[in-house]
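Only one structure is covered here, and it is reproduced in the block below.
The values are calculated or read from the model by the stated rules, or taken from the named source; none is laboratory data. All figures in this text were calculated on a predicted structure; none of them were measured in a lab. All Cβ positions, even for glycine, are placed from backbone atoms using ideal geometry, and neighbour counts span all protein chains on display.
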Amino acid sequence: MGLRKPVLLFPAFFPAGVLIALMVLHPSAQAGKYSLDGIKGADNRLVVEATEYPWSAIGRLNKKGGFCTGVLVGPRTVLTAAHCLWNRSTGAFMPPEFLHFVAGYQKGAYVAYSRAAYVLIAPRFVYKGPKGPASKSLDDWALVELKKDIGSIAGYFGLARPDASLFTPHRGSTRDHKKKTVTSQAGYSRDRQYVLSANMNCDIWGYLEGLDLLAHGCDAIAGDSGSPIFIHRDGSFRVVGILSANTEGREDAYGIAVPSSRFMGALRDRVPGYGKAPAKGKNAPIGTIRQLLALSGFDADADPAAAVRAFQQSKGLPVTGKASLNLLGDIFEALP
């Protein structure tokens, strides 16, 4: 798969040589005091109903000594960050028998579960420790093949290439560019290990200077590694990147994500039916629709149908008053 020429949008804000810290959860991070490096400004994470699609396609990738986040991108295929699978004790990547994927995990409950059958680490990825230059994240992706087809229950995401419609000017920039597409992110943060936290509308600012890596403003800490940045497009939810690292410190911090263009070829080769519309989960997003309507200024607690109608009227949509996955997509695309 050839490298796409990076687009340099904000070189003053995103120097490629800056030190980054991978967001893997190490055993020592599971207890005691810690600072939440990776929160950019205010903490915009919201707990969502993980058992409802599209959240149910995201899950905890449990492993010996900790966990990361992964997302289903096929009936049996989980996409995550490669560094999540490194075993510091053995100095090697973890074998599949050490990995368990729990889709739609929430406070002990879950939508579907499977052990891993096979692991594909990005061929050019070499683990060089938890800190270093941004370039070490270039191929920080991996595919975990599951023993069971749980995507037919939990649903899964498609993929989309990042384009200029996703990018938002960095704070302080004078670039005249209006964001057109809402980008969201969700993962299992280490301070909220038993619930799924989402950034409903967080920023992607562009590519790092000279590197095929995305700079983003989604609040993500240890445990969120491998979590998807995604959009709603053409009637389905699609991954545009996966989280890999954060810059060190919190002053003008940003995160680093691997764009989907770097692993599309591998998915095309390994996922049957790649390119077709992704499967929708079994659980309707009723609670999610109410939550997002409230974020958009429509009170759905007293009369959900009335809130749906008011939203549809405000956006010039056909007025049905009915909750549906298509409605959820409309709400995602209209998030403030």
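Observations
- Region 105-147 holds strands (runs of 3 or more DSSP E) entirely within its bounds, and those carrying 3 or more residues that are at negative phi and under 21 Å from the mean Cα position of the chain (by Cα) map to 112-121, 142-146.
- Scope region 85-131; condition of a type in the set (D, E, K, R), touching a Leu at 6+ places or on another chain (Cβ under 9 Å) and in contact (Cβ under 8 Å) with a residue 60 or more places away in the chain; matching residues: Lys131
- Selection within region 12-57 - at pLDDT 55 or above and among the basic types (Lys, Arg): Lys40, Arg45
- Unique residue being farther than 27 Å from Phe101 by Cβ and in contact (Cβ under 8 Å) with a residue 24 or more places away in the chain when the list is Ala134, Ala142, Ala220: Ala134
- Of all residues assigned to region 161-169, none qualifies as being surrounded by 15 or more Cβ atoms within 10 Å (Cβ to Cβ), farther than 26 Å from Asn44 by Cβ, among the aliphatic types (A, V, I, L, M) and assigned by TED's automatic domain parsing to the domain that holds Val73.
- Some residue of region 244-252 being aliphatic (A, V, I, L, M) and in the same structural domain as Gly155 (by TED's automatic domain parsing): yes
- Criterion: without any contact (Cβ under 8 Å) to a residue 40 or more places away in the chain, under 25 Å from Ala112 (Cβ atoms) and crowded, with 21+ Cβ neighbours inside 10 Å - qualifying residue of Ala279, Ala323: Ala323
- Among the residues of region 282-313, the ones that are surrounded by fewer than 16 Cβ atoms within 10 Å (Cβ to Cβ) and free of Cβ contacts under 8 Å to residues at least 12 places away in the same chain come to 6 in all.
- Test: residue in region 269-279 that is modelled with pLDDT of 90 or more, within 15 Å of Phe157 (Cβ to Cβ) and under 17 Å from the mean Cα position of the chain (by Cα): no
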